1. Can you name the residue in the stretch 714-747 that is under 17 Å from the mean Cα position of the chain (by Cα) and not aromatic (F, W, Y) and is also nearest to L529 (Cα to Cα) among such residues?
2. What number of residues within the stretch 139-163 are in a helix (DSSP H, G or I) and either crowded, with 22+ Cβ neighbours inside 10 Å or β-branched (V, I, T) (or both)?
3. Looking at N406, N411, N383, which is the one that is among the polar types (S, T, N, Q), in contact (Cβ under 8 Å) with a residue 40 or more places away in the chain and surrounded by 22 or more Cβ atoms within 10 Å (Cβ to Cβ)?
4. Going by what's in this entry, would N34 be described as polar (S, T, N, Q), open to solvent by less than 10 Å² (accessible area, probe 1.4 Å) and modelled with pLDDT of 95 or more?
5. Can you pull out every residue in the stretch 593-610 that is over 24 Å from A35 (Cα atoms) and either open to solvent by 60 Å² or more (accessible area, probe 1.4 Å) or not hydrophobic (A, V, I, L, M, F, W, C) (or both)?
6. Taking V296 as the residue in question, decide whether it is in contact with a strand residue (DSSP E or B) (Cβ under 7 Å, 6 or more places away or on another chain), among the hydrophobic types (A, V, I, L, M, F, W, C) and over 29 Å from G180 (Cα atoms).
7. For the stretch 667-686, indicate whether the set of residues that are open to solvent by less than 10 Å² (accessible area, probe 1.4 Å), farther than 20 Å from S586 by Cβ and among the hydroxyl-bearing types (S, T, Y) is non-empty.
8. Taking the criterion of being part of a strand (DSSP E or B), in contact with a Lys or Arg (Cβ under 6 Å, 6 or more places away or on another chain) and within 25 Å of F370 (Cα to Cα), would at least one residue in the stretch 205-216 satisfy it?
Amino acid sequence: MAKQQDTKKLFENLSGAGKSIGVLTSGGDAQGMNAAVRAVVRMGIYVGAKVYFIHEGYQGMVDGGDNIEEASWESVSSMLQVGGTVIGSARCKEFRSHEGRLKAAHQLILRGITNLCVIGGDGSLTGANLFREEWSGLLEELVRQGLIDEEAAQNNSELHIVGMVGSIDNDFCGTDMTIGTDSALHRIIEVVDAIMTTAQSHQRTFVLEVMGRHCGYLALVSALACGADWVLIPEMPPEDGWEEHMCQKLSENRADKKRLNIIIVAEGAIDCHNKPITTNHIKELVVSCLGFDTRVTILGHVQRGGTPSAFDRILASRMGVEAVLALLEASDSTPACVVSLCGNQAVRLPLMECVQMTQDVQKSMDEKNFEEAVRLRGRSFENNLNTYKLLSYHKADSELPNSSFNVAVLNVGAPAAGMNAAVRSAVRVGIKEGHKMFAVNDGFEGFYKGQIKEIKWGDVAGWTGQGGSILGTKRTLPAKHLDKIAEQIRIHNINALLVIGGFEAFECLLQLYEARTSHEDFCIPMCVLPATISNNVPGTDLSIGADTSLNAIVETCDRIKQSASGTKRRVFIIETMGGYCGYLASVGGLAAGADTVYIYEEPFNIRDLQSNVEHLTEKMKTGIQRGLVLRNENSNENFTTDFIYQLYSEEGKGVFDCRKNVLGHMQQGGAPSPFDRNFGTKIAAKAIQWISRKLKESYKDGKVFANTEDTACLLGMRRRTMAFQPVVQLKDETDFAHRIPKEQWWLKLHPLMKILAKYKTSYDVSDSGQLEPVTRVRPKKAD
């Protein structure tokens, strides 16, 4: 409690009174920049600072005048769902010159702006840092020229800078994801999914060019997410003779009854002699070698456009708030920092170290030191590349190792988008490790009925983009059928289990672990992968399927809000799924720009409802036209969605009218988002590698015997790392009655939503704060 009191005080001590913050977007635009601008403006105003828009990037700063205007709370409403950048972005030659920066400094001092929040790529951020280094010299010059007086120079003696990286290429070192990357992947995957249907009809080969002049992230991840046959990226140039190798793989896939081929090329793709590889060159190759009907599609600026995804809105909102905190805490001795994402955590890193590392990547590539380039790109890029290599090439059965182990895969609980990507990845990595893979239909119900059959490499082709669960899934728990399940394990000689599912999957593994004392057949390595839209599984921050569901919620909220654009003042009450877990409502509310969110984890009474209605009524009396209220389905048994709808309708009479929507099962359906496809693919690959290790460790005297806690685990994402945690140890962290973890990280984001909706609240800043060094060389981990 003491800690909470301290952090609470700390946040309320951070006053922005008397400070002015300028926010600008610079360089290429990226979806989500507006969400970042909105968060900076609202958080800045919330702490009592003045916030200014600097229109048209550095050009607006140099030109001044109307380009620099004070922002109000209302001026950023309704911009969360808009792609690009509303305040404009321009590349500015003038700012690169000393004279240009002198003009810019003069314009800022006229308005007393000494805090800058720059949203852009590494060029924009390097420019900002140079500006800061020259600041005191620029002030002296302005004093000498008589443009400002000594007092103004003294009052504005320090310039603080915080950067946020907005770039669809994800080419900035130090952060796992830059603002805009996830949305660009959404655009690419939408196109690939559409192309796949036409390619299948005509048995065609498609060559797709995606953006990424110096960085292959978009190409690599979209190849992972759609199961492409071949990918070409600048960081991994193919060896000599690759043309033959590629054509051989394409023809093998066709022989394997696959009706289409997809080749993804980053625009900066090169061969090992640093010569560019173009889409036309690949098309000519395929046509001349194989005679396949081949088409080229260049995606171009489509990737920059469209609405930001839920992930980008949340990322940008978190970054924007963190950036304001960093500016308030900055002193003359702190270096310029960049706010970035590591795993699931917002961190601050020294700006120039990140820029230096980003430049070192290019240097390594120019020197043909590609391994070093990949390592400098960071662990997220490296993991993606390793997973791609694992899944990419299927050798003939005779060339594979033979482990003589049988591994079964099954889905448990409700379907979640991304389950199929996880199954595909598990099957293929398992086959590559030499195991025989078995698929179980309909969860443990199918298991005890013996619905178990071997599954081969080609059986899972095209699964990544499919929603739901192809294997079939049921909520049946194993406890009542232990004898029959044990018998099936013996019949099929199953040596390990991979269970992909939600809270039930966790319970199933617990039951099997506890049954080891009475059934020796369960003494085998077992692993559960969390896959549920509710994101309510203990031991992990994120579950497969939750991102797809958030996108469905956010997309629907956008449409619902838009439906009222011609109507005067309207409030929507929207009910989301999630059982007792408020993740979808709370984080969906943050991404959709909700005014209020009702969740089970934060009890509320009639007085809270009353003050929420009054708060909304006050907002509606200003320029705000639409209100959005999200309610988790089980947030309160008496204050139902109908009750809240009727209360708001009655109390808002004369100011606004109300509509209600229950989103229902549309949150569970649909094609998986790129994030869920990629997340499912990566964690399933990691799980199978863990199973292989445990099988080797527990194989004695001709059989597998694993009865220790660490052989029945859940693989989850915890803050910055992926961790295998014994299910029996997670028991104490779980509220079984409500099927949720006792502590949930996303509750820290809940006050954020309130701040951005103009509520006074306390915000726990214990996590943010310290500037961290950039890690360069990491020791190789055995895992």
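1. Result: G716.
2. 2
3. Result of the check over N406, N411, N383: N411.
4. Answer is yes for this residue.
5. Within the stretch 593-610, Y600, E601, E602, P603, N605, I606, R607, D608, Q610 meet the criteria.
6. When the stated conditions are applied, V296 does not pass them.
7. Yes, because at least one residue in the stretch 667-686 is open to solvent by less than 10 Å² (accessible area, probe 1.4 Å), farther than 20 Å from S586 by Cβ and among the hydroxyl-bearing types (S, T, Y).
8. Yes; the residues of the stretch 205-216 include at least one that is part of a strand (DSSP E or B), in contact with a Lys or Arg (Cβ under 6 Å, 6 or more places away or on another chain) and within 25 Å of F370 (Cα to Cα).
The values are calculated or read from the model by the stated rules, or taken from the named source; none is laboratory data. Quantities reported herein were computed from a predicted structural model and do not represent experimental measurements. Glycine gets a Cβ as well: all are built from the backbone with ideal geometry, and neighbour counts include every protein chain shown. To get the accessible areas, we keep the full protein, side chains included, count just its heavy atoms, and leave off ligands, DNA and RNA. Shrake-Rupley method; radii C 1.70, N 1.55, O 1.52, S 1.80 Å.
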